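The block underneath contains the structure these notes are about, expressed in structure tokens.
The values are calculated or read from the model by the stated rules, or taken from the named source; none is laboratory data. Here the structure is a predicted model, which is why all the values come from computation and not from measurement. Here Cβ is always computed from backbone atoms with ideal geometry, including for glycine, and neighbour counts include all displayed protein chains.
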Amino acid sequence: MIVIIGAGFIGSFLGEYFGDRAVFLEGRYNSLETLEQALAPLNPTVVINCAVKGNPKSIEALEEGSADWKEHVQVNVVLPEWLALLGKKLGFRLVHLSTLMFLDWKGEASAGGFQEDSVPEITSRTSKYAKMKWQAEQRLVGSDAIIARIHLPFTWANNPRNLFSRLPGFGVFVEDASSMTCLDDFAEALDGVLERERVTGVIHFVNEGAMSFHDIAAHMQSQGLIPEGQVLPSISLAELNQVPGAVYQPQVIAQSAVLSGLFLEMPPLQESVLGTLHIMSMKL
């Protein structure tokens with residue numbers, strides 16, 4: 001049995017993908033004991049943690065040490081650690097959903113992009129959101145958890161948190177290419193990983209290659225998802241990061257050596273983008 005914690009955009013998507021193989025664990029748990037009492041009767045073989053509280057902008061506005069801050073830390077940092085501890089006790093595999101966004105990386109990228117073992121560099125411009133994400137990952141070091149990192153997730157479903165649902169409303173479109181995660185491809189790849197035993201650690205679930213928001217917007221326009229004739233102004237990532245109040249977003253391209261070693265792969269990004277946009281256009 002797969003237990004999914006967090007029924008938001010990605011959790012709900014995975015719930016639909018796994019179907020009757022999965023159930024959701026609802027509620028808020030403020031102690032390790034109450035979390036164990038909720039999980040144990042379900043007898044899970046896998047727990048997928050999709051729980052998240054807040055977003056980059058809302059977390060950036062929090063005062064560190066405040067009650068709200070502590071609530072966010074509880075969900076975003078402490079909960080993954082508790083799940084890892086319970087995984088060892090109850091015998092389930094933990095998949096913790098993480099992100100590649102908002103972190104700088106030490107050293108130069110290799111030819112294929114930043115790898116699973118790259119080390120982030122925390123600087124004065126590192127967002128509070130990024131720090132929380134990294135702290136959660138650090139608490140899982142030495143555990144048997146799979147840290148599933150995704151980047152700019154998208155699918156064909158209409159959802160306020162879906163990148164492709166939000167993209168038409170952007171005022172400007174970044175012209176720098178970036179890695180992205182098609183959730184349909186992610187679910188299949190994750191399913192393949194779970195069929196293998198003894199896979200642990202960081203895995204980058206991103207599609208092969210990279211595309212820019214501006215190029216995707218142009219494809220959306222050609223499919224009728226953005227009005228014909230609408231101007232699509234572009235901006236560089238460097239320019240965007242200078243906008244007052246913007247959450248800093250370094251350019252990150254990451255390919256997975258782990259998936260390749262397991263003879264799994266994520267399809268080419270352009271193929272998945274065009275396929276997704278075609279489905280979206282058919283639903284107009």
Subject >> Pick from region 248-284, criterion assigned to a helix (DSSP H, G or I) and either touching a Lys or Arg at 6+ places or on another chain (Cβ under 6 Å) or under 22 Å from residue 194 (Cα atoms) (or both), ranking: modelled with the lowest pLDDT >> reply: 257
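Which of the residues that make up region 43-77 are more than 30 Å from residue 195 (Cβ to Cβ) and either in contact with a strand residue (DSSP E or B) (Cβ under 6 Å, 6 or more places away or on another chain) or of a type in the set (A, V, I, L, M) (or both)? Steps first, please.
Let us first name the residues in region 43-77 that are more than 30 Å from residue 195 (Cβ to Cβ), namely 53-74.
Scanning region 43-77 gives 59, 61, 62, 67, 73.
Listed residues 186, 213, 164; which is more than 27 Å from residue 234 (Cβ to Cβ) and buried (at least 20 other Cβ atoms within 10 Å of the Cβ)?
186
Under the condition of being of a type outside the set (S, T, N, Q) and in contact with a helix residue (DSSP H, G or I) (Cβ under 8 Å, 6 or more places away or on another chain), which residue from region 269-283 is nearest to residue 256 (Cα to Cα)?
Within region 269-283, the subset of a type outside the set (S, T, N, Q) is 269, 271, 273-275, 277-280, 282-283.
Next cut, in contact with a helix residue (DSSP H, G or I) (Cβ under 8 Å, 6 or more places away or on another chain) only: 273-274, 277, 280.
Working: 273: 19, 274: 22, 277: 25, 280: 28 Å.
This residue is 273.
Can you tell me which of 230, 255, 223 is within 30 Å of residue 60 (Cα to Cα) and among the polar types (S, T, N, Q)? Talk me through it step by step, then tell me what you get.
On the way: 230 fails: within 30 Å of residue 60 (Cα to Cα); 223 fails: within 30 Å of residue 60 (Cα to Cα).
Being within 30 Å of residue 60 (Cα to Cα) and among the polar types (S, T, N, Q) holds for just one of 230, 255, 223, which is 255.
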Original post:
Listed residues 161, 166; which is part of a helix (DSSP H, G or I) and of a type outside the set (Phe, Trp, Tyr)?
Top reply: 166
**OP:** Kindly indicate the residue of region 265-284 that is out of contact with any Leu (no Cβ under 9 Å at 6 or more places or on another chain) and of a type in the set (Gly, Ala, Ser) and also farthest from residue 181 (Cα to Cα) among those meeting that condition.
**Re:** 275
Original post:
With 95, 3 as the choices, which residue is in contact (Cβ under 8 Å) with a residue 40 or more places away in the chain and under 18 Å from residue 149 (Cβ atoms)?
Top reply: 95
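Restricting to region 39-59, what's the tally of residues that are outside any loop (DSSP other than H, G, I, E, B) and at pLDDT below 90?
Here is the first cut: in region 39-59, the residues outside any loop (DSSP other than H, G, I, E, B) are 39-42, 46-49, 56-59.
Checking the rest, the ones that are also at pLDDT below 90 come to 56-57.
Matching residues across region 39-59 total 2.
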**OP:** Please specify each residue of region 38-83 satisfying the condition of being of a type in the set (Lys, Arg) and under 16 Å from residue 96 (Cβ atoms).
**Re:** 53
**OP:** May I ask you to list pairs of residues, at least six apart or on different chains, whose Cβ atoms are under 6 Å apart, with the first in region 204-230 being among the aromatic types (Phe, Trp, Tyr) and the second being surrounded by 14 or more Cβ atoms within 10 Å (Cβ to Cβ)?
**Re:** 205/148; 205/150; 205/181; 205/186; 205/189; 213/173; 213/174
**OP:** Answer yes or no as to whether residue 197 is assigned to a loop (DSSP other than H, G, I, E, B), farther than 29 Å from residue 61 by Cα, within 18 Å of the chain's Cα centre (by Cα) and not polar (S, T, N, Q).
**Re:** no
Original post:
So is residue 235 out of contact with any helix residue (DSSP H, G or I) (no Cβ under 8 Å at 6 or more places or on another chain), closer than 18 Å to residue 169 by Cα, β-branched (Val, Ile, Thr) and modelled with pLDDT under 95 or not?
Top reply: yes
Original post:
Within region 8-38, restricting attention to residues that are in a helix (DSSP H, G or I) and touching a strand residue (DSSP E or B) at 6+ places or on another chain (Cβ under 7 Å), which residue is surrounded by the most Cβ atoms within 10 Å (Cβ to Cβ)?
Top reply: 10
Original post:
What about residue 97, is it crowded, with 20+ Cβ neighbours inside 10 Å, under 21 Å from the mean Cα position of the chain (by Cα) and not in a helix (DSSP H, G or I)?
Top reply: yes
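Among the residues of region 123-137, write down those that are of a type in the set (Ser, Thr, Tyr) and in a helix (DSSP H, G or I). Full working, then the answer.
The initial filter retains those residues of region 123-137 that are of a type in the set (Ser, Thr, Tyr), namely 123-124, 126-127, 129.
129, the sole residue that qualifies.
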Original post:
Given the conditions (1) part of a helix (DSSP H, G or I); (2) within 25 Å of residue 17 (Cα to Cα); (3) among the acidic types (Asp, Glu), and given that residue 239 satisfies all but one, which numbered condition is not satisfied?
Top reply: (2)
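Suppose the filter is touching a residue at least 24 places away in the same chain (Cβ under 8 Å) and under 22 Å from residue 185 (Cβ atoms); does residue 10 pass it? Don't jump to the end; show me each part of the working.
On the way: touching a residue at least 24 places away in the same chain (Cβ under 8 Å): yes; under 22 Å from residue 185 (Cβ atoms): yes.
Yes, satisfied.
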